[in-house]
Amino acid sequence: PAREALRTWTDIATCDGDVRWLEWLAAYEQLRRTIADRLGADEREIAFVGNTTDGIGIVAEGLAWESGDNIVLPAGEFPSNHYAWKRLADRGVELRIVPVGPRGDFGPQEIRSRCDARTRLIATSWVGFASGFRCDVAGIAEVARQTGARFLLDAIQGLGVFPLDLSSLPIDFVVADGHKWLLGPEGFGLLYVRHERQEEVRPTRIGWNSVRNPFDYQRLDLEFRDDARRYEGGSANFAAAHALAASIELLGRSGWSAT
């Protein structure tokens with residue numbers, strides 16, 4: 001279905017050009033609503049990003065770090081979920097690595113042992129890219145709640161095959177590209193930012209689409225959108241969105257949902 005949707009969009013774009021732009025935008029926003037529904041989230045909490053790395057970077061660069069803060073991260077993470085946090089050392093932020101077992105395994109108690117009053121963020125993959133170990137998301141979310149830390153989940157290896165209900169889990173940020181179990185094209189993914197955290201994550205890559213009046217090109221008031229679309233600075237990848245929408249429809253027919 002994703003392949004056919006991409007072919008269809010390409011044919012239409014080749015013949016009609018931007019004449020169909022408003023239709024594409026409507027489909028894009030419908031995809032946002034569908035993804036939110038599948039995750040037990042609100043559509044205002046979903047932003048589209050180029051890939052998982054982009055989503056992690058938006059959070060890493062957008063939070064207001066202070067010298068002495070620390071981030072807790074399991075060993076063996078995919079490099080993108082390591083470099084973004086390690087880069088913050090020049091701001092005085094400490095990266096604390098949690099040792100894992102021989103199968104990449106760790107539990108909430110190991111995460112908790114590395115946390116203290118200055119832990120600002122816990123970041124972990126839902127499923128290890130090399131080990132295949134699936135972490136206890138609910139348990140780690142509870143550790144974050146107890147310690148007052150924010151929780152970022154790299155969900156790329158699990159989203160689409162396992163349920164994730166963000167209405168019942170206190171996860172602050174979720175990132176994923178669409179080309180794993182979501183069965184979509186590479187280079188188009190999602191970022192979930194819980195509504196109450198959006199004022200904490202300052203947009204750092206700002207464009208015409210980041211603001212409240214994106215189509216009023218003469219009005220240059222820098223007033224960010226009041227939802228996660230503030231993190232979408234430029235033009236949308238409509239082609240990939242059409243393909244991902246088709247694959248998510250397939251997954252929905254197969255039973256994938258938030259619960």
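Structure summary
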{"read-out": "G17 surrounded by fewer than 18 Cβ atoms within 10 Å (Cβ to Cβ), within 14 Å of the chain's Cα centre (by Cα) and farther than 30 Å from T147 by Cβ", "value": "no"}
{"read-out": "Residue that is in contact with a strand residue (DSSP E or B) (Cβ under 6 Å, 6 or more places away or on another chain) and of a type in the set (K, R), where the choices are R230, R194", "value": "R230"}
{"read-out": "Single unsatisfied condition, L22 versus (1) over 20 Å from P203 (Cβ atoms); (2) aliphatic (A, V, I, L, M); (3) in a helix (DSSP H, G or I); (4) touching a residue at least 40 places away in the same chain (Cβ under 8 Å)", "value": "(4)"}
{"read-out": "Filtered residues of the range 209-236 (kept if within 16 Å of the chain's Cα centre (by Cα) and either open to solvent by 70 Å² or more (accessible area, probe 1.4 Å) or not aliphatic (A, V, I, L, M) (or both))", "value": "D227, R229, R230, Y231, E232, G233"}
{"read-out": "Residue within the range 238-249 that is closer than 18 Å to N81 by Cβ, surrounded by 16 or more Cβ atoms within 10 Å (Cβ to Cβ) and among the aliphatic types (A, V, I, L, M) present", "value": "no"}
{"read-out": "Residues that are in a helix (DSSP H, G or I) and over 13 Å from the mean Cα position of the chain (by Cα), drawn from the range 45-64", "value": "E61, G62"}
{"read-out": "The range 202-221, residues that are more than 16 Å from G55 (Cβ to Cβ) and assigned to a loop (DSSP other than H, G, I, E, B)", "value": "I206, G207, R212, N213, P214, F215, D216, Y217, Q218, R219, L220, D221"}
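The values are calculated or read from the model by the stated rules, or taken from the named source; none is laboratory data. As the structure is a prediction and not an experimental result, all values here were calculated from the model. Counting neighbours? That spans all protein chains shown, and the Cβs are built from the backbone with ideal geometry, glycine included. The protein model used for the area step is the full one, side chains on, heavy atoms only, and it has no ligands, DNA or RNA in it. Shrake-Rupley method; radii C 1.70, N 1.55, O 1.52, S 1.80 Å.
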